[in-house]
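These notes are about the structure you will find just below.
The numbers here are math on the coordinates, done by the rules we state, and not lab data. Since this is a predicted model, take the numbers as computed values, not measurements. Methodologically, a virtual Cβ is constructed for each residue, glycine included, from the backbone with ideal geometry; neighbour enumeration extends over all protein chains shown.
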Amino acid sequence: MNVKILCNDEAKDGFYEEHGLSILVNDEILFDTGASDVFIKNAKKMKVDLRGIKKIVVSHGHYDHVGGLKYLIGKVNAPVYIHKNAVIPKYSGDRFVGSPFEIENLKLEKKFIKGNIKIDNLYVINNVPLEKNTIDKKYKINGGRDFFHDEINIVIDNILFTGCAHRGIENILKVALKTHAIKYVIGGFHLINASLERIRNIVEIFGKNNLVVIPLHCTGVKAISIMKSILKENCIILKAGDEWDLL
């Protein structure tokens, strides 16, 4: 399996970076689109033919994951798998953090999905119980708290992909392990403001399950540093412009 990091908060020399996430799997499955057209610029540098994309999956409706969608119009002929709640305006406190455009009006085929379902070679995890509620109260939707019911994670073979893991990486992983022999976890873990205790607890979970983790985006420098120091070779650091081959 080949994984390319098209957008991340840090980039290799010669590539573009932004606060966002976009991962391309086997040049066919695009998981998130970052905040702008940065992922397309990096894809061009990596000599990726976007016309080969067969599925687009949006992890949730925040701008840094959905913002690049509009730049795919006319470039791909692939359905966008997304939860219906992703189109609802979202806020972080008083700051608007939702999609910068009307997703419903994009001239892209959209397939609204929910629940934990299988779609060809990928497994969607949308129903994640909040056994540990780690969602920041600042996130709002429809005038109330946003519990991220739109959040979609995917499993391909033995790899778990997360966008931001707002519903808790520990909760998501617990669900994934019930149905799949997860060996790798890649994506944003949303630990940027997490307590040291929570970070260490999560690293312990990774270690007990002998997982290889690739922390990106909103995981945070502190959490990534702790993961690397404890997990060592089982924590792989990738940036935008990097690719990873799993044989």
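Considering the range 177-233, the residues that are in a loop (DSSP other than H, G, I, E, B) and among the small types (G, A, S) include one that is nearest to H166 (Cα to Cα), namely A194.
Counting the residues of the range 138-155 that are within 29 Å of I182 (Cβ to Cβ) and either part of a loop (DSSP other than H, G, I, E, B) or in contact (Cβ under 8 Å) with a residue 60 or more places away in the chain (or both) gives 9.
Please go through the range 88-113 and give me each residue that is under 19 Å from the mean Cα position of the chain (by Cα), part of a strand (DSSP E or B) and under 28 Å from K137 (Cβ atoms), ordered by number. Listed by number, the residues that qualify are K90, Y91, S92, F112. Might you check whether a residue that is surrounded by 21 or more Cβ atoms within 10 Å (Cβ to Cβ), under 18 Å from K111 (Cα atoms), in contact (Cβ under 8 Å) with a residue 60 or more places away in the chain and touching a strand residue (DSSP E or B) at 6+ places or on another chain (Cβ under 7 Å) occurs anywhere in the range 38-57? Yes, the conditions are met somewhere in the range 38-57.
From L238, L173, which residue is closer than 27 Å to A43 by Cβ and hydrophobic (A, V, I, L, M, F, W, C)?
Values: L173 fails: closer than 27 Å to A43 by Cβ.
Exactly one of L238, L173 is closer than 27 Å to A43 by Cβ and hydrophobic (A, V, I, L, M, F, W, C), namely L238.
Candidates V76, V97, V87: the one that is touching a strand residue (DSSP E or B) at 6+ places or on another chain (Cβ under 6 Å), surrounded by fewer than 22 Cβ atoms within 10 Å (Cβ to Cβ), closer than 24 Å to G187 by Cα and of a type in the set (A, V, I, L, M, F, W, C) is V97. Examine the range 50-64 for a residue that is touching a Ser or Thr at 6+ places or on another chain (Cβ under 8 Å) and part of a helix (DSSP H, G or I), and state whether such a residue exists. Yes, the range 50-64 contains a residue that is touching a Ser or Thr at 6+ places or on another chain (Cβ under 8 Å) and part of a helix (DSSP H, G or I).
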